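Undergrad: Below: one structure in structure tokens.
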Amino acid sequence: MAKTIVLSNQKGGVGKTTTANALALIFRERGYKVLAVDLDPQGNLSFSTGADTDGTATIYEVLKEEVKPRFAIQKTGLVDIIPSNILLSSIELEFTGTQREYLLQRALEPLQQVYDYIFIDSPPALGILTVNAFTASDFVLVPMMSDIFSLQGLTQLSETVSRVKNFCNPDLQILGVFLTKHNPKTRFSREVKGALNMIAQDFSIPVLDTFIRESVALREAQSIQQSVLDYAPSCNAVQDYKTLTDELQERGL
């Protein structure tokens, strides 16, 4: 059975897509069968992996049960992915009935035996798409930019996870929160790290030891739809993501 991990944070620009991309590539490089699922209507993960999102089946058609999940998978040069596009933004209005929290869970069920890991990139909001991602996942992984504003959303995210555990997915776990674009040499970043530790402790959320340093190479590789492992294998952030992968596996992923 695949282990399903959702990258989530209601704040945009914290590195959800970059992390989903990097982890999918690293796990694939290590010999695992990996599926990426783009659940963000912006479709940034789809673009960064070279997926086609125009005139082809996407996660939108899968959730509407117009296309079977296996027919929406694109095998790009980087990773297997079910892509997304702007049509997905209408899901909130289209699905208003009961059981709408389970759309993604039902869609991914036939693929559980095919893959070792499924990484879901969720939108920067805690609406029905994110609730679907939480319901379908085993673990929530929370990237958080090293600034004070990112800390404010941790409380709401924790509350949403608790509601999903109570009503939809009792086995859901927060695997951990980690800092991105982090510079441990600055006083401000150290203060953010200290505040994060205190807030996370209040909500019993693990804080991962690994942090991700700022890197232009990550953005460059995604913009040209190339694997960052090939584009800049020795850059600090790539090494950080490999360390993060090690830590996640040590923690049971």
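The values are calculated or read from the model by the stated rules, or taken from the named source; none is laboratory data. These numbers were taken from a predicted model, which means no experiment stands behind them. Please note: Cβ atoms are built from the backbone with ideal geometry, for glycine as well, and neighbour counts cover all protein chains shown. Surface accessibility is based on the protein's heavy atoms, side chains included, excluding ligands, DNA and RNA. Shrake-Rupley method; radii C 1.70, N 1.55, O 1.52, S 1.80 Å.
Undergrad: Residues to consider are LEU151, LEU172; find the one that is hydrophobic (A, V, I, L, M, F, W, C) and at pLDDT below 95.
TA: Checking each option against the conditions leaves just LEU151.
Every residue, every condition in (1) of a type in the set (D, E, K, R); (2) over 21 Å from GLY153 (Cβ atoms); (3) surrounded by fewer than 16 Cβ atoms within 10 Å (Cβ to Cβ), yes or no:
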residue	(1), (2), (3)
THR186	no, yes, yes
VAL192	no, no, no
GLN201	no, no, yes
LEU208	no, no, no
GLN225	no, yes, yes
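Undergrad: In this structure, does ALA221 turn out to be of a type in the set (A, V, I, L, M), crowded, with 19+ Cβ neighbours inside 10 Å and closer than 22 Å to ILE118 by Cα?
TA: In short, yes.
Undergrad: Separate question: Could you pull out the residue among LEU179, LEU172 that is more than 24 Å from VAL238 (Cβ to Cβ) and touching a residue at least 24 places away in the same chain (Cβ under 8 Å)?
TA: LEU172
Undergrad: Additional query: Cβ contacts < 6 Å: first residue under 22 Å from ARG106 (Cβ atoms), restricted to the range 45-63; second residue surrounded by 24 or more Cβ atoms within 10 Å (Cβ to Cβ) and among the charged types (D, E, K, R), any location; separation 6+ or different chain. Result?
TA: LEU45/ASP38; LEU45/ASP121; SER46/ASP38
Undergrad: Now, a different point. Just name the residue that is nearest to LEU23 (Cα to Cα) out of those in the range 51-66 that are open to solvent by 40 Å² or more (accessible area, probe 1.4 Å) and not acidic (Asp, Glu).
TA: For the range 51-66, the residue satisfying everything is THR53.
Undergrad: Here's another thing I want to ask about it. If I filter the range 115-147 down to residues being over 16 Å from LEU103 (Cα atoms) and aromatic (Phe, Trp, Tyr), which single residue comes out as nearest to the chain's Cα centre (by Cα)?
TA: PHE119
Undergrad: Let me ask something else. Would you please list the contacts, defined by Cβ atoms under 9 Å and residues six or more apart or on different chains, that run from a residue in the range 139-155 that is more than 15 Å from ALA125 (Cβ to Cβ) and open to solvent by 30 Å² or more (accessible area, probe 1.4 Å) to a residue that is in a strand (DSSP E or B) and modelled with pLDDT of 85 or more?
TA: MET145/LEU179; MET145/THR180
Undergrad: Is it true that some residue in the range 105-114 is within 19 Å of GLN42 (Cα to Cα), out of contact with any Gly (no Cβ under 6 Å at 6 or more places or on another chain) and either open to solvent by less than 50 Å² (accessible area, probe 1.4 Å) or hydrophobic (A, V, I, L, M, F, W, C) (or both)?
TA: no
Undergrad: Determine whether the range 79-95 contains at least one residue that is exposed (fewer than 15 other Cβ atoms within 10 Å of the Cβ), of a type outside the set (Phe, Trp, Tyr) and not in a helix (DSSP H, G or I).
TA: The answer is no, given that none of the residues of the range 79-95 is exposed (fewer than 15 other Cβ atoms within 10 Å of the Cβ), of a type outside the set (Phe, Trp, Tyr) and not in a helix (DSSP H, G or I).
Undergrad: Considering every residue within the range 47-70, establish whether at least one is among the small types (Gly, Ala, Ser), within 27 Å of PRO206 (Cβ to Cβ) and touching a helix residue (DSSP H, G or I) at 6+ places or on another chain (Cβ under 9 Å).
TA: Looking for residues that are among the small types (Gly, Ala, Ser), within 27 Å of PRO206 (Cβ to Cβ) and touching a helix residue (DSSP H, G or I) at 6+ places or on another chain (Cβ under 9 Å), one finds none in the range 47-70, hence no.
Undergrad: Also, I was wondering about something else. Against the conditions (1) open to solvent by 50 Å² or more (accessible area, probe 1.4 Å); (2) closer than 23 Å to GLN239 by Cα; (3) hydrophobic (A, V, I, L, M, F, W, C), where does ALA22 fall short? Just the number, please.
TA: Failing condition for ALA22: (1).
Undergrad: Then there's this: For a quick check of your reading: which strands (runs of 3 or more DSSP E) sit entirely within the range 110-195 and have at least 2 residues that are aromatic (Phe, Trp, Tyr)?
TA: 117-121
Undergrad: Taking the residues in the range 207-226 that are outside any helix (DSSP H, G or I) and more than 17 Å from the chain's Cα centre (by Cα) as candidates, determine which candidate is farthest from GLY43 (Cα to Cα).
TA: By that ranking, first place goes to ASP209.
Undergrad: Please determine whether any residue of the range 230-252 is part of a loop (DSSP other than H, G, I, E, B), in contact with a Gly (Cβ under 9 Å, 6 or more places away or on another chain) and buried (at least 19 other Cβ atoms within 10 Å of the Cβ).
TA: No, there is no match, as no residue in the range 230-252 is part of a loop (DSSP other than H, G, I, E, B), in contact with a Gly (Cβ under 9 Å, 6 or more places away or on another chain) and buried (at least 19 other Cβ atoms within 10 Å of the Cβ).
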